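Visitor: Before I ask anything, here is the structure I am working with.
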Amino acid sequence: MPTDSTRTGDTTTVADAPWLGPAFLTGLPLLGAGLGWGLTFIAEWITGLPTFPLQGLIERYTDLSPTLQLVVGIGVGLIAGIVLALFVIHEMLTITVGRDRIDLKRGDYERGADRADVRGVFVQDKRVVVLGHRRQELANVEFDLDRDELAAALRRHGYPWLPDGDPYAAEYRRWVPGADGLPPGADPVLKARQHALEKSNGNDLRELLDELDGLGVVVHDKDKKQYWRLADPA
């Protein structure tokens, strides 16, 4: 998506272009209202299909008068569009790069690191990662901003930028129960996290990832599988 880099004093903020938020708040509700209006023309056809999601609810909708169908359809679509727009805006990534600290925020995910603790920053597999000096990950979050804007902001404030991606990518191994080399206590956490990964439980995934970080284990996910490597001891 379009990215904007804004300098304020000793900080540079890399985020989506400022016009995107108002665009979503305008466009998605209008789209939802339009879809709700369109429902009035196809509701009868939907009820005649052998199966369709929420078919019973749509049958009740067709029992309403034409005027009420129009009001309900547009109103529900409008509200759904507003909710979706607010969610999309909430999930936009903001990276604030300062002289002494870098902060990343996306939705409920918030991580920060002092500049002295940062070994490097890279983007790989559509994620931005802040590496620490023990080869641990200080932050790891989905990235959809402009890579060049981020690199420029990091260099401007003296943070090491790793243009070639993860320097430890070759060290990752696929996790299997009882894998050799894991520190004590890591295997049960990885088992629990695999279950959360299969269920797409985001809260548990983050909590268990933090627990693994405390054990010195770095984990990446791919296709519902976990791949791990070790960080250096504290």
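The values are calculated or read from the model by the stated rules, or taken from the named source; none is laboratory data. Just so you know, these numbers come straight off a predicted model, no measurement behind them. Note: ideal-geometry Cβ built from the backbone for every residue, glycine included; neighbour counts use all protein chains shown. All accessible areas refer to the heavy atoms of the entire protein, side chains included, with ligands and DNA or RNA removed. Shrake-Rupley method; radii C 1.70, N 1.55, O 1.52, S 1.80 Å.
Visitor: When region 67-121 is examined, which residues are found to be of a type in the set (S, T, Y) and more than 13 Å from the chain's Cα centre (by Cα)? Don't jump to the end; show me each part of the working.
Guide: Residues of region 67-121 that are of a type in the set (S, T, Y), as a first pass: 67, 94, 96, 109.
Hits for region 67-121 are T67, T96.
Visitor: Going through region 6-57 one residue at a time, which ones are surrounded by 16 or more Cβ atoms within 10 Å (Cβ to Cβ) and assigned to a strand (DSSP E or B)?
Guide: T11, T12, T13, V14, A15, D16
Visitor: Turning to a different aspect of this structure: Restricting to region 214-227, name every residue that is in contact with a strand residue (DSSP E or B) (Cβ under 7 Å, 6 or more places away or on another chain) and closer than 16 Å to R127 by Cβ.
Guide: Filtering region 214-227 down to residues in contact with a strand residue (DSSP E or B) (Cβ under 7 Å, 6 or more places away or on another chain) leaves 216-220, 225-227.
V218, V219, H220, K225, Q226, Y227, listed by residue number.
Visitor: Taking the condition of being over 28 Å from E211 (Cα atoms), open to solvent by less than 60 Å² (accessible area, probe 1.4 Å) and more than 22 Å from the chain's Cα centre (by Cα), how many residues in region 154-167 meet it?
Guide: So the answer is 2.
Visitor: Right, another one. Which of the following residues is polar (S, T, N, Q), in contact with a Gly (Cβ under 9 Å, 6 or more places away or on another chain) and either under 20 Å from A15 (Cα atoms) or without any contact (Cβ under 8 Å) to a residue 60 or more places away in the chain (or both): Q124, Q136? Talk me through it step by step, then tell me what you get.
Guide: Working: Q136 fails: either under 20 Å from A15 (Cα atoms) or without any contact (Cβ under 8 Å) to a residue 60 or more places away in the chain (or both).
So the residue among Q124, Q136 that is polar (S, T, N, Q), in contact with a Gly (Cβ under 9 Å, 6 or more places away or on another chain) and either under 20 Å from A15 (Cα atoms) or without any contact (Cβ under 8 Å) to a residue 60 or more places away in the chain (or both) is Q124.
Visitor: Out of (1) modelled with pLDDT of 95 or more; (2) surrounded by fewer than 17 Cβ atoms within 10 Å (Cβ to Cβ), the odd one out for G178 is which?
Guide: (1)
Visitor: Still on this structure, I have one more. Test L78 against the criterion of being out of contact with any strand residue (DSSP E or B) (no Cβ under 7 Å at 6 or more places or on another chain), surrounded by 18 or more Cβ atoms within 10 Å (Cβ to Cβ) and more than 24 Å from A170 (Cα to Cα), and give yes or no.
Guide: Values: out of contact with any strand residue (DSSP E or B) (no Cβ under 7 Å at 6 or more places or on another chain): yes; surrounded by 18 or more Cβ atoms within 10 Å (Cβ to Cβ): yes; more than 24 Å from A170 (Cα to Cα): yes.
It is true that L78 is out of contact with any strand residue (DSSP E or B) (no Cβ under 7 Å at 6 or more places or on another chain), surrounded by 18 or more Cβ atoms within 10 Å (Cβ to Cβ) and more than 24 Å from A170 (Cα to Cα).
Conditions (1) farther than 14 Å from H157 by Cβ; (2) out of contact with any helix residue (DSSP H, G or I) (no Cβ under 8 Å at 6 or more places or on another chain); (3) of a type in the set (D, E), marked per residue:
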residue	(1), (2), (3)
I89	yes, no, no
L93	yes, yes, no
T96	no, yes, no
R101	no, no, no
R111	yes, yes, no
V121	no, no, no
Q124	yes, no, no
V128	yes, no, no
L131	yes, yes, no
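Visitor: Among the residues of region 11-53, which ones are without any contact (Cβ under 8 Å) to a residue 40 or more places away in the chain, under 30 Å from A152 (Cβ atoms) and hydrophobic (A, V, I, L, M, F, W, C)?
Guide: Across region 11-53, the qualifying residues are A17, W19, A23.
Visitor: Tell me the residue from R127, R115, R119, R106 that is open to solvent by less than 80 Å² (accessible area, probe 1.4 Å), of a type outside the set (V, I, T) and out of contact with any Cys (no Cβ under 8 Å at 6 or more places or on another chain), please.
Guide: Selected residue: R106, the only one of R127, R115, R119, R106 that is open to solvent by less than 80 Å² (accessible area, probe 1.4 Å), of a type outside the set (V, I, T) and out of contact with any Cys (no Cβ under 8 Å at 6 or more places or on another chain).
Visitor: From the list A196, A151, A170, pick out the single residue that is of a type in the set (G, A, S), surrounded by fewer than 17 Cβ atoms within 10 Å (Cβ to Cβ) and either free of Cβ contacts under 8 Å to residues at least 24 places away in the same chain or in a loop (DSSP other than H, G, I, E, B) (or both). Spell out the reasoning first.
Guide: On the way: A196 fails: surrounded by fewer than 17 Cβ atoms within 10 Å (Cβ to Cβ); A151 fails: surrounded by fewer than 17 Cβ atoms within 10 Å (Cβ to Cβ).
Testing whether each residue is of a type in the set (G, A, S), surrounded by fewer than 17 Cβ atoms within 10 Å (Cβ to Cβ) and either free of Cβ contacts under 8 Å to residues at least 24 places away in the same chain or in a loop (DSSP other than H, G, I, E, B) (or both) leaves just A170.
Visitor: Would you confirm, using the coordinates I've provided, whether R99 is at pLDDT below 95, surrounded by fewer than 19 Cβ atoms within 10 Å (Cβ to Cβ), more than 22 Å from E207 (Cα to Cα) and not aliphatic (A, V, I, L, M)?
Guide: On the way: at pLDDT below 95: yes; surrounded by fewer than 19 Cβ atoms within 10 Å (Cβ to Cβ): yes; more than 22 Å from E207 (Cα to Cα): yes; not aliphatic (A, V, I, L, M): yes.
It is true that R99 is at pLDDT below 95, surrounded by fewer than 19 Cβ atoms within 10 Å (Cβ to Cβ), more than 22 Å from E207 (Cα to Cα) and not aliphatic (A, V, I, L, M).
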